[in-house]
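The values are calculated or read from the model by the stated rules, or taken from the named source; none is laboratory data. Just so it is clear, the structure is predicted and the values come from calculations on it, not from any experiment. Methodologically, a virtual Cβ is constructed for each residue, glycine included, from the backbone with ideal geometry; neighbour enumeration extends over all protein chains shown.
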Amino acid sequence: MGQFTPTPHDPDARGHFGPWGGRFVPEALIAAVDELAAEYDKARLDPEFVNEFQRLLRDFAGRPSLLTEAAKFAEHAGTRVWLKREDLNHTGSHKINNVLGQALLTKRMGKQRVIAETGAGQHGVATATACALLGLDCVVYMGEVDTERQALNVARMRLLGAEVIPVKSGSRTLKDAINEALRDWVTNVDQTHYLLGTAAGPHPFPLLVRDFHRIIGIEAREQILEKAGRLPDAVVACVGGGSNAIGIFHGFIDDPDVRLVGVEPGGSGLDSGSHGATLTAGTPGSLHGAMSYVMQDDDGQITEAHSISAGLDYPGVGPEHSHLKDIGRAEYFPVTDAEAMEAFALLSRTEGIIPAIESAHALAGALKIGPSLGPDGLLVVNLSGRGDKDMDTAVEYFGLADGGQA
Amino acid sequence: MSLSDVFSAARAESRAALIGYLPAGFPTVDGSKDYLRSMVESGCDLVEVGLPFSDPVMDGPTIQAAAEQALAAGFRVRDLFDVVAAVTDAGGRAVVMTYWNPVLRYGVDAFARDLAAAGGLGIITPDLVPDEAEDWMAASAAHGLDRTFLVAPSSTEERIAMTARASSGFLYATAVMGVTGARDVVSSAAPELVARVREHTSLPIGVGLGVRSGAQAAEIAGFADGVIVGSAFVSAVAEGDAAVRALAADLAKGVRSAPATV
């Protein structure tokens, strides 16, 4: 099965996964999302587009990414663990898959200007990279709070030629960066593509972002069959908006014996109210263009998410995850900041791999479910990104600057 | 009194209707009642009562800040119905303009029921297109409310026709591609859009986004059935009741200084 082959799991023509998804956007944007959907429908079946995308993944992003056995980490999980190494991609995370695909679509649509939102800066850096490569103008919206927390990534984006606009409205974080990007889009939609960074938003974003990331699951399935000789018992990934998770899940979605496990940011714990576990603790609503689980109060006001990981700090989630949860095909649970940071340190120490704190949530999830599988069990964990960007957080959390030890 | 009566009454005077927007709860719940009453008394034929929302993607800085202020002051969705009732009790006519998530959370039918009970005439839905409005179509029919969907310069003919069929009361034409906020000049896209919409419907058409002066109101009244003013009223609130009344009076004069089109 190819990466762009239509599947029985695709949404309907208006973007519904069961009752989820759709297009809850201003009429002014409908023409743009219609144009994007039509262009993607053509592109996914066009060998020229598919070949060019695959060439960039191979020659620019460095795919296929490795599948690495983590034997010493696995001793702590009580079961065998393999890591899908999206951290080894160019720009350091899975995000490059989606931005290359959407940047190519932007060119096909004859648009010259790309806008994007970013939280931690991973998607912003990836977008700035793809725009530099393909000669597109790039504007990145980033919450003012995040520009301060992630000054190095702001510098990276600017070095790559992107304009970074600090967003001063609302909570000045990721959700407000998305709001501001949507406002820009509705104003400049003729010449502008909104390069959304996760598998959320109005149709066709959840579909095309998923498809650009399906390569993760396709590779992982082939690799684990070759290396371990069988399918895993479970595939584990972190879920903020859910793009890396949906990408790897789809490689195994038709293998009913493979559990699909999404790990959400539990922050200080669900009882504290300070978390981002949208699927575990959220309720149905519409945010940023789609029906999905969202974090909201009794009045339908969106509440702020909290996570030590900026990339998971989002009060919404992609609609397909809401669907997979409802039909029981995937399971979701949270791990706390503390559990994630413990896994972050553990992988660094045992395997010589410093994961992104986002990905450390998936590792913490693996530590939780591993013991129930036993020593003959087999887990594939999506290591969605590398941890270089998280050093400031780690220094502070573990007191590393003062001679502390993780 | 229904929305079509509001527009018929204006047409009988050969003029466009003046529609003023203010968020409920801004600057406080009681304050918004007072200002909305002032707008009614000073010439607004219809008021749009906004429901403050945490993530207003269609709004520019002025209305964003007003919504934030209202929410910070403790605004609750149930207060909206009090504000609408206050307008109705004062002899005004009100519709609600709201992002869709608070309605979903309240329950679409319950929201329609409580709005109708407060005397509200309908809902303007900036981020709900007819394609996703099945529940709202049923609830509005059940409770006798009008549905105002939006059309934009980027809307195709097919979508304009579909949106007009799904609407009742009046259609909202966004004069520019962009978010709310006062602008210096009326967009050239507005008359063209209104002309396109008239090919598909006899519903009254209100034009909004960017109107702030009597002169602009007069210009729009030359081709539309309703002139919608939002951010300018929000800004006037900062200057007090006299400024709100003066703005409404200036705009009311504007809609009377150009002959209505129909």
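If you check A:G316, A:G262, A:G269 for being modelled with pLDDT of 95 or more, within 20 Å of the chain's Cα centre (by Cα) and more than 14 Å from chain B (Cβ to nearest Cβ), only one passes: A:G262.
The set of residues in segment A:69-99 that are over 22 Å from the mean Cα position of the chain (by Cα) and either of a type outside the set (G, A, S) or in the same structural domain as A:L195 (by TED's automatic domain parsing) (or both) comprises A:E69, A:K72, A:F73, A:E75, A:H76, A:T79, A:R80. So, of the residues in segment A:26-68 that are among the β-branched types (V, I, T) and within 22 Å of the chain's Cα centre (by Cα), which turns out to be farthest from B:I160 (Cα to Cα)? Checking each candidate, the answer is A:T68.
Being within 16 Å of B:S14 (Cα to Cα) and surrounded by fewer than 20 Cβ atoms within 10 Å (Cβ to Cβ) is a description that does not apply to B:G240.
Looking only at residues of segment A:352-406 that are surrounded by fewer than 24 Cβ atoms within 10 Å (Cβ to Cβ) and among the polar types (S, T, N, Q), we find that the one that is nearest to A:A70 (Cα to Cα) is A:S372. The number of residues in segment A:288-305 that are closer than 21 Å to A:G267 by Cα, in contact (Cβ under 8 Å) with a residue 24 or more places away in the chain and either hydrophobic (A, V, I, L, M, F, W, C) or touching a strand residue (DSSP E or B) at 6+ places or on another chain (Cβ under 8 Å) (or both) comes to 4. Against the list (1) within 14 Å of chain B (Cβ to nearest Cβ); (2) part of a loop (DSSP other than H, G, I, E, B); (3) out of contact with any strand residue (DSSP E or B) (no Cβ under 7 Å at 6 or more places or on another chain); (4) surrounded by 14 or more Cβ atoms within 10 Å (Cβ to Cβ), the condition A:F24 fails is (3). In this structure, is A:D271 touching a Ser or Thr at 6+ places or on another chain (Cβ under 9 Å), among the charged types (D, E, K, R) and over 19 Å from A:T7 (Cα atoms)? It is false that A:D271 is touching a Ser or Thr at 6+ places or on another chain (Cβ under 9 Å), among the charged types (D, E, K, R) and over 19 Å from A:T7 (Cα atoms). Only one of the numbered conditions (1) within 14 Å of another protein chain (Cβ to nearest Cβ); (2) under 29 Å from A:V33 (Cβ atoms) is violated by A:D298, and that is (2). Out of all the residues in segment A:7-21, which are within 21 Å of the chain's Cα centre (by Cα) and surrounded by fewer than 23 Cβ atoms within 10 Å (Cβ to Cβ)? Matches in segment A:7-21: A:T7, A:H9, A:D10, A:P11, A:H16. Within segment B:211-224, restricting attention to residues that are part of a loop (DSSP other than H, G, I, E, B) and more than 13 Å from the chain's Cα centre (by Cα), the residue that is surrounded by the most Cβ atoms within 10 Å (Cβ to Cβ) is B:A224.
Taking the criterion of being facing chain A (nearest Cβ under 10 Å), part of a helix (DSSP H, G or I) and aromatic (F, W, Y), the residues of segment B:69-107 that qualify are B:W100, B:Y106.
All of (1) within 14 Å of another protein chain (Cβ to nearest Cβ); (2) closer than 18 Å to B:A238 by Cβ; (3) not acidic (D, E) hold for B:V57 with one exception: (2).
Could you check, for segment A:260-282, whether at least one of its residues is surrounded by 24 or more Cβ atoms within 10 Å (Cβ to Cβ), of a type outside the set (D, E), out of contact with any Gly (no Cβ under 7 Å at 6 or more places or on another chain) and part of a loop (DSSP other than H, G, I, E, B)? Yes, segment A:260-282 contains a residue that is surrounded by 24 or more Cβ atoms within 10 Å (Cβ to Cβ), of a type outside the set (D, E), out of contact with any Gly (no Cβ under 7 Å at 6 or more places or on another chain) and part of a loop (DSSP other than H, G, I, E, B). If I go through segment B:136-152 residue by residue, how many of them are surrounded by fewer than 21 Cβ atoms within 10 Å (Cβ to Cβ) and either in contact with a His (Cβ under 9 Å, 6 or more places away or on another chain) or over 29 Å from B:A118 (Cβ atoms) (or both)? Residues in segment B:136-152 being surrounded by fewer than 21 Cβ atoms within 10 Å (Cβ to Cβ) and either in contact with a His (Cβ under 9 Å, 6 or more places away or on another chain) or over 29 Å from B:A118 (Cβ atoms) (or both): 0 in total. Restricting to segment B:146-203, count the residues that are β-branched (V, I, T) and part of a helix (DSSP H, G or I). Result for segment B:146-203: 4. Conditions: (1) surrounded by fewer than 22 Cβ atoms within 10 Å (Cβ to Cβ); (2) more than 12 Å from chain B (Cβ to nearest Cβ); (3) of a type outside the set (D, E). A:T303 meets all but one. Number of the miss? It fails just one condition, (2).
All told, A:E331 falls short of being assigned to a helix (DSSP H, G or I) and either among the acidic types (D, E) or over 16 Å from A:A74 (Cβ atoms) (or both).
Evaluate segment A:55-74: report whether one residue or more is in a helix (DSSP H, G or I), more than 14 Å from chain B (Cβ to nearest Cβ), touching a His at 6+ places or on another chain (Cβ under 8 Å) and not basic (K, R). Yes: one or more hits.
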